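Here it is: the structure, laid out below.
The values are calculated or read from the model by the stated rules, or taken from the named source; none is laboratory data. Computed from a prediction, not measured in an experiment: that's the story for all the values here. No Cβ is skipped: glycine too gets one built from the backbone with ideal geometry, and neighbour counts run over all protein chains shown. Heavy atoms of the whole protein, side chains included, go into the accessibility calculation; ligands, DNA and RNA do not. Shrake-Rupley method; radii C 1.70, N 1.55, O 1.52, S 1.80 Å.
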Amino acid sequence: MTLASTAKAESSLLLQTYDRHPLLFTRGKGVYLWDDKGKRYLDFLSGIGVNSLGHAHPAVLKAIQRQSRRMIHISNLYYHEYQSQLAKVLTQASGLDRAFFCNSGTEAWEGALKIARAYGQTKAAGANGSAKTGKTRILALDGSFHGRTFGSLSTTGQAKYRDPFEPLVPSVSFVAFNDVEDLERQFDSTVCALCIETIQGEGGIRPISKEFLTRARELTQQHGALLILDEIQCGLGRTGRFFAYQHYGVKPDLVTVAKPLAAGLPLGAILLTNEAASAIHPGMHGTTFGGGPLACSVALEVMRVTKSRLGHVRELGKYFRRQLEGLAKKHSSVREARGLGLMLALNLDDAAKAKAIAQQLLQEGILINRTHETVLRFLPPFIIEKKHVDQVIRALDAAFVTTESASGASNLKIEPSRSTQPKLRRTRSQK
Ligand SMILES: *Cc1c(COP(=O)(O)O)cnc(C)c1O
């Protein structure tokens, strides 16, 4: 099948949910992917943060081969040896007590929301003898992304994703991003959970502020609500620590992870405290596929290799970020370089420019992604070296020159002062 015939077949056979780039990939190795014409691409997106060890990592291949010969699936009616081993690694890495395994990020998030409501009921019942007193409110943040199912959509703070599917799950309110006053105003004892992405991913690589997260921890504790962090994108080593919250000195009651957990096999997890877990009893939640032996045995390898790469991620992340800041100083269309570890971004002043630059990099054989209209997002695998960063920076530099001269603007910043740059837009009323 060629690209043209594949695209034609898909257009009549598949539910039309994706606006794909006209690229047909056939294989990958390390930091590179190859298309059907044999052209090589440097992968600085990692399948949206999934292939954190790159493509065809030997440890992953070995685990897949070994375990697929033994057994792929047995259901959660029986024991296999890997769930508890993986739970041990993940609880040690997170500082939390227990794990639940599922198949995707969204599914982990759905489970987290169910736990929040169940926890709210037990808390309310404990307080005044009735399970119906309404400790049911869930607070989430503007600009967030938690997935595509009903619960996940209901807590996703972007109207464009929610609106076509209303009505959604009730009793969810949105707090303005990093706005401590708004958080304080909306918080009371009817809240069962506060939901935060430690670094908003799809929303444009926006880290939560230390002030906001610290206050979030205080308020949830004070009101007996769960602090739930979504680290599906920013967790599992992406920021140079196993969990992004470890940069803040704040520990949640529950965290969700998924994307890189099993190197591209579907696996997500909820990690939580014993206290939060006490709301759930056998029969209240479950999955057929989740936490199967194949995915879990691969995840054990991913965690082992990731641990050995954390220092490298921090070092390369700092180097990459400095280079991006250099571009931000040099080019007038860059508002800001931001992010942590190997979760980095350039926020531009214009969506069309961001699109043009991502397109030019693609022409040159570099995969990046544009998110939230104006943001160029970089999620390279943890195995990149400086020379790969340099290649991307050179390509970006050239693309800015082309794009800025095409749009009539000077490519040189006259006054690269931070204070003259526009403030981050509040995303409260975004389409
Ligand atoms: C990708 C993502 C999800 C959804 O995960 P899926 O595996 O696509 O269901 C949820 N939250 C965050 C922060 C994500 O980046």
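Listed here are the residues, each with its yes/no results for (1) at positive phi; (2) of a type in the set (S, T, N, Q).
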{"position": "Cys192", "(1), (2)": "no, no"}
{"position": "Cys195", "(1), (2)": "no, no"}
{"position": "Ile205", "(1), (2)": "yes, no"}
{"position": "Ser209", "(1), (2)": "no, yes"}
{"position": "Ala216", "(1), (2)": "no, no"}
{"position": "Leu226", "(1), (2)": "no, no"}
{"position": "Asp230", "(1), (2)": "no, no"}
{"position": "Gln246", "(1), (2)": "no, yes"}
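Looking only at segment 216-268, how many residues end up being small (Gly, Ala, Ser) and under 13 Å from the mean Cα position of the chain (by Cα)?
The qualifying residues number 5.
Which condition breaks for Gly235 when tested against (1) more than 16 Å from Arg217 (Cα to Cα); (2) touching an Asp or Glu at 6+ places or on another chain (Cβ under 7 Å); (3) within 16 Å of the ligand (Cβ to nearest atom)?
So Gly235 meets the others, but not (2).
Next up: Hey, does segment 193-208 have a residue that's in contact with a helix residue (DSSP H, G or I) (Cβ under 6 Å, 6 or more places away or on another chain), of a type in the set (Val, Ile, Thr) and either touching a residue at least 60 places away in the same chain (Cβ under 8 Å) or in the same structural domain as Lys135 (by TED's automatic domain parsing) (or both)?
Narrowing segment 193-208 to residues in contact with a helix residue (DSSP H, G or I) (Cβ under 6 Å, 6 or more places away or on another chain): 193-194, 198-199.
Now restrict to residues that are of a type in the set (Val, Ile, Thr): 198-199.
Then drop every residue that is not either touching a residue at least 60 places away in the same chain (Cβ under 8 Å) or in the same structural domain as Lys135 (by TED's automatic domain parsing) (or both), which leaves 198-199.
Yes, there is a match, as at least one residue in segment 193-208 is in contact with a helix residue (DSSP H, G or I) (Cβ under 6 Å, 6 or more places away or on another chain), of a type in the set (Val, Ile, Thr) and either touching a residue at least 60 places away in the same chain (Cβ under 8 Å) or in the same structural domain as Lys135 (by TED's automatic domain parsing) (or both).
Between a first residue in segment 107-120 that is open to solvent by 10 Å² or more (accessible area, probe 1.4 Å) and assigned to a helix (DSSP H, G or I) and a second residue that is of a type in the set (A, V, I, L, M) and near the ligand (Cβ under 9 Å from one of its atoms), which pairs have beta carbons less than 9 Å apart while being 6 or more apart in sequence or on different chains?
Qualifying pairs under 9 Å: Glu107/Ala258.
Sticking with this structure for a sec: Take Gly268 and tell me if it is within 15 Å of the ligand (Cβ to nearest atom) and small (Gly, Ala, Ser).
yes
Looking at Arg377, Arg321, Arg338, can you tell me which residue is buried (at least 22 other Cβ atoms within 10 Å of the Cβ) and among the charged types (D, E, K, R)?
Details: Arg321 fails: buried (at least 22 other Cβ atoms within 10 Å of the Cβ); Arg338 fails: buried (at least 22 other Cβ atoms within 10 Å of the Cβ).
Only one candidate passes the filter, namely Arg377.
OK, next. Return yes or no: is Val175 of a type in the set (A, V, I, L, M) and in contact with an Asp or Glu (Cβ under 6 Å, 6 or more places away or on another chain)?
Answer is yes for this residue.
For every residue, the table says whether it meets (1) charged (D, E, K, R); (2) outside the structural domain of Glu301 (by TED's automatic domain parsing); (3) open to solvent by 10 Å² or more (accessible area, probe 1.4 Å); (4) in a loop (DSSP other than H, G, I, E, B).
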residue	(1), (2), (3), (4)
Leu229	no, no, no, no
Ile232	no, no, yes, yes
Gly237	no, no, no, yes
Arg241	yes, no, yes, yes
Tyr245	no, no, no, no
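Take Phe382 and tell me if it is open to solvent by less than 10 Å² (accessible area, probe 1.4 Å) and either of a type in the set (Gly, Ala, Ser) or in contact with a Lys or Arg (Cβ under 6 Å, 6 or more places away or on another chain) (or both).
On the way: open to solvent by less than 10 Å² (accessible area, probe 1.4 Å): yes; either of a type in the set (Gly, Ala, Ser) or in contact with a Lys or Arg (Cβ under 6 Å, 6 or more places away or on another chain) (or both): yes.
So Phe382 fits the description; yes.
Could you say whether any residue in segment 361-370 is modelled with pLDDT of 95 or more and at positive phi? Before the answer, list the steps.
First, pick out the residues of segment 361-370 that are modelled with pLDDT of 95 or more: 361-370.
From what is left, the residues that are at positive phi are 365.
Checked segment 361-370: at least one residue is modelled with pLDDT of 95 or more and at positive phi.
Select from segment 106-126 the residues that are at pLDDT below 95 and within 15 Å of the ligand (Cβ to nearest atom) and list them in ascending order.
Scanning segment 106-126 gives no hits.
Next up: Are any residues in segment 341-363 open to solvent by 40 Å² or more (accessible area, probe 1.4 Å) and of a type in the set (A, V, I, L, M, F, W, C), and if so, which ones?
Of everything in segment 341-363, those that are open to solvent by 40 Å² or more (accessible area, probe 1.4 Å) and of a type in the set (A, V, I, L, M, F, W, C) turn out to be Ala352, Ala356.
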